[in-house]
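The values are calculated or read from the model by the stated rules, or taken from the named source; none is laboratory data. What you are looking at is a predicted structure, and each value in this text was computed from that prediction instead of being measured. Glycine also receives a Cβ, built like all others from the backbone with ideal geometry; neighbour counts cover every protein chain displayed. When the accessible area is computed, the model is the full protein with side chains, heavy atoms only, and any ligands, DNA or RNA have been set aside. Shrake-Rupley method; radii C 1.70, N 1.55, O 1.52, S 1.80 Å.
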Amino acid sequence: MLLTRRAMLATGAAGGLLGVARRARAQGVSHLTVADVGAEPSVAMRRAFYEPFEKETGIAITAVPHAADPVTQFKLMVDARSYIWDVCMLNSEHVARLDREGRYFEPLNIAPAETADFIPGMTTDTWLAFSVYAVMMAWQNSHFPQGGPQNWPEFWDVKRFPGRRGLCRSPAATMELALLADGVAPDALYPLDVDRAFASLARLRDNVAIWWASGAQNTLLLESDEIDLSDTWSSRAQAARASGAPITLVWNGLYVADGWSIPIGCPRADIARAFVRYCMRPDRQAVYAIHSTNGPTNRRAFDYMRPENAALLPTSPDNFKGLTGFNAQWWGENSKWVSERFEEFLLE
């Protein structure tokens with residue numbers, strides 16, 4: 001659904017974009033380079049953000065994929081002042097790690113009133129989240145004809161729910177799931193009890209058939225007969241189901257946000273800020289959500305989509321109530337040593 005002229009005028013969208021175009025011409029800016037995660041999400045971003053922004057401002061967007069973990073790339077770029085990116089897609093944990101290294105981000109200059117319709121915690125002075133995915137579970141309907149596990153203690157219950165399990169080969173979020181399985185309340189997860197999490201993982205280890213390492217692998221596993229139940233990222237599970245996989249999704253777990261940041265010192269920061277602000281628009285976030293099945297952060301985006309589309313998304317009210325926020329700050333401070341211990345655990 002497109003914004004009506006009345007809605008555009010009410011939000012200042014029309015006048016704001018005209019101002020962006022004028023500033024760009026005055027500064028000699030004809031394009032921006034945006035680093036994103038590539039693959040299907042980038043296609044959805046092109047449809048929702050890049051092409052409409054270019055059409056409305058005349059500023060071309062060149063999208064380039066960054067590494068799976070872009071923190072080192074981002075840091076080296078700023079340290080060398082070689083601004084190959086104007087805007088970068090980062091999750092909240094990436095931002096926390098970079099913040100520990102020093103000043104790496106331009107301020108976005110977005111007033112709190114502008115994000116009144118956003119889910120809490122989705123904006124900071126230097127990062128604006130536009131996409132939310134869930135870390136949840138999925139199971140094969142054929143293996144559980146009477147119904148599979150509905151929570152993480154049941155996922156860990158191999159006697160009641162026998163089957164080949166998949167689990168993500170990454171400590172981030174996996175540790176939280178292990179604690180939920182051990183009876184820790186969602187609101188008491190942090191700071192993580194790492195010893196307790198590893199003890200919980202040890203109880204399940206012999207029943208994990210595959211430690212999956214990428215979203216693409218996870219989708220393929222859910223589409224195949226290699227596993228019966230697994231943790232998963234919501235968009236990957238939705239992709240598997242859309243391709244015909246007969247699986248059930250259980251909205252119980254965590255939610256993680258991806259957003260935009262601008263490298264400090266970027267010579268095109270002014271226009272980059274306008275692009276980030278453009279991605280706040282509920283109509284644009286709705287298009288992205290529909291085509292990516294990642295949830296919007298602007299709750300008004302649900303006004304621009306059908307109920308059947310909203311039902312697939314992590315941030316729709318019915319799904320969101322079963323999810324707990326991923327604490328990026330804790331992981332930013334502890335990821336190195338926990339990751340080393342996790343790799344040692346897998347080798348035991």
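Here are the numbers for the structure shown:
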quantity: All-pairs alpha carbon distance profile, segment 43-130, 5 Å steps from 0, percent; calculated: 2, 11, 20, 21, 22, 17, 6, 0
quantity: Mean Cα-pair separation over length for segment 128-210, i.e. relative contact order, pairs under 8 Å, 6 or more apart, %; calculated: 30 percent
quantity: Difference of contour (0.36 nm per residue) and Cα-Cα distance, A209 to R103; calculated: 33.9 nm
quantity: Two-site label geometry, A67 and D195: point separation in nm, points 7 Å out along Cα→Cβ; calculated: 3.4 nm
quantity: Selected from A257, A328, A26 as most flexible by GNM, with the chain as the system and alpha-carbon contacts under 10 Å; calculated: A26
quantity: Evaluated over segment 198-330, the Cα radius of gyration and Dmax, each in Å; calculated: 17.7, 53
quantity: Relative contact order (percent, whole number), the chain, Cα cutoff 8 Å, 6+ residue spacing; calculated: 26 percent
quantity: Heavy-atom accessible area ranking, 1.4 Å probe, most first, across R236, R25, R299; calculated: R25, R299, R236
quantity: Solvent-accessible surface ranking, highest first, for F320, F74 at 1.4 angstrom; calculated: F320, F74
quantity: Accessible surface of the chain, 1.4 Å probe, proportion on carbon and sulfur as whole %; calculated: 52 percent
quantity: Length-normalised contact order for segment 67-147 - Cα pairs under 8 Å, 6+ apart - percent; calculated: 21 percent
quantity: Nitroxide proxy distance, nm - points 7 Å out along Cα→Cβ at S30 and S142; calculated: 5.6 nm
quantity: Alpha-carbon Debye profile of segment 117-203, log10 I(q)/I(0) at 0.14, 0.16, 0.17 Å⁻¹; calculated: -0.63, -0.77, -0.84
quantity: Probe 1.4 Å, protein heavy atoms only - accessible area per residue of the chain in square angstrom; calculated: 44 Å²
quantity: Set of lysines with alpha-carbon distance to K336 below 30 Å, sequence-local pairs under 8 removed; calculated: K75
quantity: Equivalent ellipsoid, the chain (semi-axes from 5 times Cα gyration tensor eigenvalues, Å); calculated: 37, 23, 17
quantity: Per-peptide average of other Cβ atoms within 10 Å, ordering 224-230, 44-50 highest first; calculated: 44-50, 224-230
